[in-house]
Amino acid sequence: MPEVTRRPTIVDVARVARVSTATVSRVLNGRRVTDPELIRRVRLAAAELHYRPSGTARNLQAGVTRLIGVVVPDLRNPSFSELLGGLADATAAQDHRLLVADAKESPDEERTLIQELALHCDGLVLCSPRLALDDLARFGRGPLVCTNRSVGDLPISSAGVDSYAGMAEVVRHLAGLGHRHIGYLAGPPTSWSDAERQRALGDTAAGLRIRVTVEPAGSTSDDGYRALPALVAAGVSAVVAFNDLVAIGSLARMRERGFDVPGDISLAGFDDIPVAQFLAPPLTTVRLPTEEVGRRAWDLLWNQLTKAGRTGTVRLPTELVVRASTGAARA
């Protein structure tokens, strides 16, 4: 048996089989070779040398990397970690892997990352993208899925949750507790999910004759901590935060100022991150099927990769989880 002390290469197989490397490549990749004797020699040499073709090399020759690029606005947000978990499980089942990049809530950084990942990946998943529709249209020429973002009439797949319905349910819950002045700590100004929540807040509050005060905040606990005093000064009896992280910051500020929650002021969030149920008091919030969004995003992207660009849209329902942070409005 021929001796090869290092890992055998296609050159070694060609030498032992006494053929060209091109012939070895054609035989081992199943491409047509008419001479059965050449096929026999190549296969015998590969078996003797225990040669295994490089999966990476095969994929590159075929124009496939089996890598999926993912751009996230903020990796510190646990809800994106849950989405990535569902996405990673689904892609692994099809022998694909993720390359994840953090845009740090910057549309400019997001644009740069998309351009770079598109060069190295078979497809892209943009989590809650902050880009304008014109930019999405330009990037959507390749296999691409957006999560929690409307894409209008663009031929781009989208998977997400019904943020409008989730906010409407929160408002009705608070109205049922007697609240008539609700404050909203808004998310990033470029967030489509935030725009949907504000739209639902306005529509539902108007129908129930509830006054609304909106305070620009952001997506982190620090944002919630800084923004809360303005709502308190406005005299709201309940606060709804853009997400649970903002709600956690608000809760910390309420404690500092000596407010009882929910005796003095009620508080609700969005996402139902794992820690929400362990706060004091446990947080009323809107549960989002985030992991399932990740899995559905992969289904949509896989359809594009395997079915000639076929696109689709998925919207999943939310669920209001009532805990002890919301209660009857004070007299």
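The values are calculated or read from the model by the stated rules, or taken from the named source; none is laboratory data. A quick note: this is a predicted structure, and the numbers were derived from the prediction, not measured. Positions of Cβ are generated from backbone atoms using ideal geometry, with glycine treated the same way; all protein chains shown enter the neighbour counts.
Observations on the structure shown:
- Scanning the stretch 101-111 turns up one or more residues that are of a type in the set (A, V, I, L, M), buried (at least 19 other Cβ atoms within 10 Å of the Cβ) and free of Cβ contacts under 8 Å to residues at least 40 places away in the same chain.
- Taking the stretch 47-66 as the range and being farther than 14 Å from residue 25 by Cα, modelled with pLDDT of 65 or more and not β-branched (Val, Ile, Thr) as the test, the residues that pass are 47, 48, 49, 50, 66.
- Note on the stretch 132-155: among residues that are touching a residue at least 60 places away in the same chain (Cβ under 8 Å) and crowded, with 24+ Cβ neighbours inside 10 Å, the one that is farthest from residue 121 (Cα to Cα) is 148.
- Only one entry of 210, 156 meets the criterion of being more than 25 Å from residue 82 (Cα to Cα) and β-branched (Val, Ile, Thr), and that entry is 210.
- Answer from 137, 175, 165 - the residue that is within 20 Å of residue 311 (Cα to Cα) and part of a helix (DSSP H, G or I): 137
- Cβ separations smaller than 8 Å between residues 6+ apart or across chains give the following pairs from the stretch 217-231 residues that are aromatic (Phe, Trp, Tyr) to residues that are modelled with pLDDT of 95 or more: 225/249; 225/250; 225/252; 225/253.
Residues checked against (1) at negative phi; (2) modelled with pLDDT of 95 or more; (3) among the basic types (Lys, Arg):
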site	(1), (2), (3)
75	yes, no, no
86	yes, yes, no
97	yes, no, yes
131	yes, no, no
170	yes, yes, no
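- Selection count, the stretch 172-196, where residues are in contact with a strand residue (DSSP E or B) (Cβ under 9 Å, 6 or more places away or on another chain), under 17 Å from residue 284 (Cβ atoms) and touching a residue at least 40 places away in the same chain (Cβ under 8 Å): 8
- Taken over the stretch 79-100, the residue count meeting the criterion of being crowded, with 17+ Cβ neighbours inside 10 Å, part of a helix (DSSP H, G or I) and more than 11 Å from the chain's Cα centre (by Cα) is 2.
- Of all residues making up the stretch 14-46, the number that are of a type in the set (Gly, Ala, Ser) and modelled with pLDDT under 80: 2
- Flag for residue 271 being among the acidic types (Asp, Glu) and closer than 23 Å to residue 140 by Cα: no
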